Amino acid sequence: MIKKIAGKIIGLIVILLILSFFVFLLLYLAPGDPAEKRLTSQGIVITKEVLQAEQERLGLLKPFFVRYGEWLLGVIRGDFGLSFKDDRPVAAKLAAGLQNTCILAMASLVFSLLISYPLALLSAMRKDRIADHIIKVFSFIGNSLPNFLISVLLMYFFCIKLNLFPVIADGSLKGLFLPMLSLSIPMISRFTRQMRSEMILQLSEDYVTGMRLRGVKERYIAVNIIRNSLGHVITIIGLQIGTLMAGSVVIETIFRWPGIGKLVMDSITSRDYPVIMGFVLVMGTIYVVINRLTDLCYHLLDPRVRT
Amino acid sequence: MMEHHMLEIRELTASYDDFQALRGVTLDVPRGKILCIVGESGSGKSTVIKAITGFPGLTVNGGRVLLDGEEISSMPRAQKRRLLGERIGVIPQNPAGSFNPIRVFGPQFKETMKSHGIAYQKEDVIQSFTKMGLKDANEIPGMRPYELSGGMNQRVAVAAAMLLEPKLLLCDEPTSALDVNTQDRVIEEFLRINKERGTTIVMVTHNLGLARKIADTIAIMYQGRIIEQGTAEEIIHTPREAYTKRLIQDVPRLRRQA
Amino acid sequence: MKTRSKKTRRQLLIRIGIAAAIAMLLIVVVVFAGAFAPNDPYQTNAAFIRKPPCAEYPLGTDNLGRCVLSRVIYGGRTTIAATFFLVAVSFVIGTVIGILCGLFGGIVDRFLMRIADVTLAFPQMVIALAVAGILGGGLGGALIALGITMWVSFARLARSHTLSIKNEPYIQTALLAGKSTGYIVLRHILPNTMAPILTNALTQIGMTMIGISGLSFLGLGVVPPTAEWGSMINEARAYIQIAPWAVLAPAVATIITIIVFNYLGDAVMDYRDL
């Protein structure tokens, strides 16, 4: 058991090292000279001497692997370097954004589960009846809608036509609602579809037939279905983490939600490479870790695997 | 007025989509007796039970099923649900799998009892286990299906079917998943239930030898019809249909006796 | 039981037919954009700025007085062409890698499959976003960014199907008969792996379209003034209050197109699962 866990941890470290290398390579291969970028973005007139001094100061003249090593050591200590734009530490900027993004992502995740779980249950228990068909059509359409379209359309109808919500999502609860809804709609559709097929699978299990033959009420059958599909929820959430991350970038940009997604889009516009790198590194790490954790949780939830 | 049989089936027809599984089945099961329905797979023998209990995908097209003289084939869903467990106990093809594999037995029995408006008493459940000859009966409510052997699971399933003392027990190949020794013990259990509690039993099996051991009457099924019916001795010793004779020929021990 | 699957099979074929017909129609419209667009999509008209739909401009004009309908039709050409190009390239690269890995195995196979595993371990769109962002926009950057991860599913499928038919007797016979590897691949392996890989390609179309238009919407894909649905929506959302048609037209076009291709992909997948 300990050996297994150690193996998993080593695997995780290797993946994270690959990620860090990829991120560093990306920056290395990026068009343009970082020193020059940094100076221009701070509005300093570039002369040869100034540029060389800046390159020296940023350590750009050292060999590739030395630079990677130094950068990696910094990252491990939580030092992601300084933003080109305002010389503030990237780590602090990312942390502030991440906090807001987590609020948005968590709210969407909880909201999506609260909506999709009952829908999936209804759809599965009433398979091939009217309710099921309606839910299937809506979840198919929702699954085909890009986040940016949902956001723009929701903003148009709720903020401009109906004037119900502020156009810019400030930190308030009311401001959270539309971004959350935009992020949730495709997720609800996917959760519902996947949950429905999992529940239909459960419904065809012998134990459900057994319960029906004992005259057990549908209500209790539903309880058993819910209990047995819980392990699957974690897998499904794990599958959506990537979508959630990409979606939050788009949605935060549109609603100006001060999260990590908006931060990275601003940084892309101003070519603030350290922030972009930090973003990929942080998001990649979260993604990898969550995927491993969902794996673990899935095993812990199933008593047959647990023993 | 004529006395009702426990179960009367009249001209029952049923189909899966376009496949006609039952083509007019008529059967009488007298109170307290054991009837075996014997046939090859695909003969429709299991479908008889499924048509009585209601099964998704199976459409009953015609005919009547009377339980103790009461028409049950056209009953509304909710009423029919109460019937199962209360007046009809069913042991499905894979009894060991008839419980949620990841939950302990206790709450699962509780759900069954509450579904029939009966307060859950742990002692009642434990007693039903003891009646089935299960050892350490008071441990079982806290255990999960995978913690018991196949044979023990089987007994728990029979205990569940008999929990509310139904007068009719339907079994669909209840022993096919068991080894020969366990099979014999389970068969004895059925005989005991029949004798001690007076429960009427309908058992579906492909095994004519088994049927002969347990049944008062045997019905031979072929292509969705009952082609021959009689006491076990009649069927084995003086079969009328060629098909029945062939079935007997297939069981070495019976072949010698016939 | 048999008749049942026959029935659903027919229903599915009808569904596939309808979806394929609509998809073909969309493709024809964007391929022959010139014949269907009422106006030049790049022609600005200072006298007709943000005008609502009228006879001359059936879907109104945008803030430069350009015909929205024409831009939607030409924009569809960009989106659909880019999607098909990307899927096709990933398809070819992935299939070649997959078949070679499956056929020869060994260290190259292990290396490439490990790369595939690692690629899947990271969040696709986050990587795409960063790559496109650092490459500094442009359709090329967006295609590379999305393509980095897209080949993997094709390679895995091709590899597993190659592996499963590699030891079939007819391939062994062909080998014994002295047929060349190239001949075997073309004659036996490709035809037998095509169906699942093509199905995968079909199901990737919708997702790819969402990716491309999403990156363009963020300004990391197609750059204005080139017409593309995502970038059109992004441009026009600034004045959505005055000219909602300039947003709604490309939005509806995007939704319909993605739904049609997703529907087609789902239906074909269901058909193959039968």
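Do you know which residues across region C:151-179 are over 21 Å from C:Arg114 (Cβ atoms), of a type in the set (Ser, Thr, Tyr) and in contact with a helix residue (DSSP H, G or I) (Cβ under 8 Å, 6 or more places away or on another chain)?
C:Tyr170
So, in region A:12-30, exactly how many residues are within 16 Å of C:Leu129 (Cα to Cα) and within 10 Å of chain C (Cβ to nearest Cβ)?
Total meeting the criteria: 7.
Looking at B:Gly89, B:Gly117, which is the one that is more than 7 Å from every other protein chain (Cβ to nearest Cβ) and assigned to a strand (DSSP E or B)?
B:Gly89
Tell me, which helices (runs of 4 or more DSSP H) lie completely within region A:189-307 with 2 or more residues that are within 20 Å of the chain's Cα centre (by Cα) and touching a residue at least 24 places away in the same chain (Cβ under 8 Å)?
It comes to A:218-255, A:260-269, A:273-301.
So the check is Cβ under 8 Å with 6+ separation or different chains; which pairs have a first residue in region B:127-139 that's within 16 Å of B:Met162 (Cα to Cα) and a second one that's outside any loop (DSSP other than H, G, I, E, B) and among the polar types (S, T, N, Q)?
From region B:127-139, the pairs are B:Ala137/B:Gln127; B:Ala137/B:Thr130.
Just to be sure, is C:Tyr57 more than 14 Å from every other protein chain (Cβ to nearest Cβ), buried (at least 18 other Cβ atoms within 10 Å of the Cβ) and without any contact (Cβ under 8 Å) to a residue 24 or more places away in the chain?
Taking the combined requirement at face value, the residue satisfies it.
I need a count of the residues in region C:70-88 that are out of contact with any helix residue (DSSP H, G or I) (no Cβ under 7 Å at 6 or more places or on another chain) and more than 22 Å from C:Trp151 (Cβ to Cβ).
Summing the residues that are out of contact with any helix residue (DSSP H, G or I) (no Cβ under 7 Å at 6 or more places or on another chain) and more than 22 Å from C:Trp151 (Cβ to Cβ) in region C:70-88 gives 2.
For residues that are of a type outside the set (Ser, Thr, Tyr) and touching a residue at least 60 places away in the same chain (Cβ under 8 Å), scanning just region C:239-255, find the one that is farthest from A:Arg256 (Cα to Cα).
Ranking the qualifying residues of region C:239-255, first place goes to C:Ala253.
Restricting attention to region B:92-114, report how many residues are at the interface with chain A (Cβ under 8 Å from one of its Cβ atoms), outside any helix (DSSP H, G or I), out of contact with any strand residue (DSSP E or B) (no Cβ under 7 Å at 6 or more places or on another chain) and not polar (S, T, N, Q).
Matching residues across region B:92-114 total 4.
Which condition breaks for A:Ile221 when tested against (1) open to solvent by 20 Å² or more (accessible area, probe 1.4 Å); (2) under 27 Å from B:Cys171 (Cβ atoms); (3) more than 7 Å from chain B (Cβ to nearest Cβ)?
The number of the failed condition is (1).
Looking only at residues that are among the hydroxyl-bearing types (Ser, Thr, Tyr), within 10 Å of another protein chain (Cβ to nearest Cβ) and closer than 18 Å to A:Leu26 by Cβ in region A:232-274, which one is surrounded by the fewest Cβ atoms within 10 Å (Cβ to Cβ)?
A:Thr269
If a residue must be in contact (Cβ under 8 Å) with a residue 60 or more places away in the chain, within 8 Å of chain A (Cβ to nearest Cβ) and either part of a loop (DSSP other than H, G, I, E, B) or surrounded by fewer than 18 Cβ atoms within 10 Å (Cβ to Cβ) (or both), how many such residues does region B:59-86 contain?
Count: 0.
Does region C:211-231 include one or more residues that are surrounded by fewer than 20 Cβ atoms within 10 Å (Cβ to Cβ) and closer than 16 Å to C:Ile27 by Cβ?
For region C:211-231, residues surrounded by fewer than 20 Cβ atoms within 10 Å (Cβ to Cβ) and closer than 16 Å to C:Ile27 by Cβ: absent.
Which members of region C:201-229 meet the condition of being more than 8 Å from chain A (Cβ to nearest Cβ) and not in a helix (DSSP H, G or I)?
C:Gly221, C:Val222, C:Val223, C:Pro224, C:Pro225, C:Thr226, C:Ala227, C:Glu228
Test C:Met194 against the criterion of being within 14 Å of chain A (Cβ to nearest Cβ), in a helix (DSSP H, G or I), open to solvent by 10 Å² or more (accessible area, probe 1.4 Å) and not hydroxyl-bearing (Ser, Thr, Tyr), and give yes or no.
So C:Met194 fails the test.
Could you please let me know if A:Met277 is out of contact with any Ser or Thr (no Cβ under 6 Å at 6 or more places or on another chain), within 10 Å of chain C (Cβ to nearest Cβ) and more than 28 Å from A:Leu153 (Cα to Cα)?
The answer is yes for A:Met277.
Looking at C:Ile212, C:Ile165, C:Ile184, C:Ile189, can you tell me which residue is of a type in the set (A, V, I, L, M), touching a Ser or Thr at 6+ places or on another chain (Cβ under 7 Å) and more than 28 Å from C:Ala82 (Cα to Cα)?
C:Ile189
Any residue in region B:214-236 that is assigned to a loop (DSSP other than H, G, I, E, B), open to solvent by less than 20 Å² (accessible area, probe 1.4 Å) and at positive phi?
Yes, region B:214-236 has at least one match.
The values are calculated or read from the model by the stated rules, or taken from the named source; none is laboratory data. All of these numbers come straight from a predicted model, not from anything done at the bench. Heads up, the Cβs are rebuilt from the backbone with ideal geometry, glycines too, and the neighbour counts pull from every protein chain shown. For the accessible areas, the whole protein counts, side chains as well, though only heavy atoms, and no ligand, DNA or RNA atoms are used. Shrake-Rupley method; radii C 1.70, N 1.55, O 1.52, S 1.80 Å.
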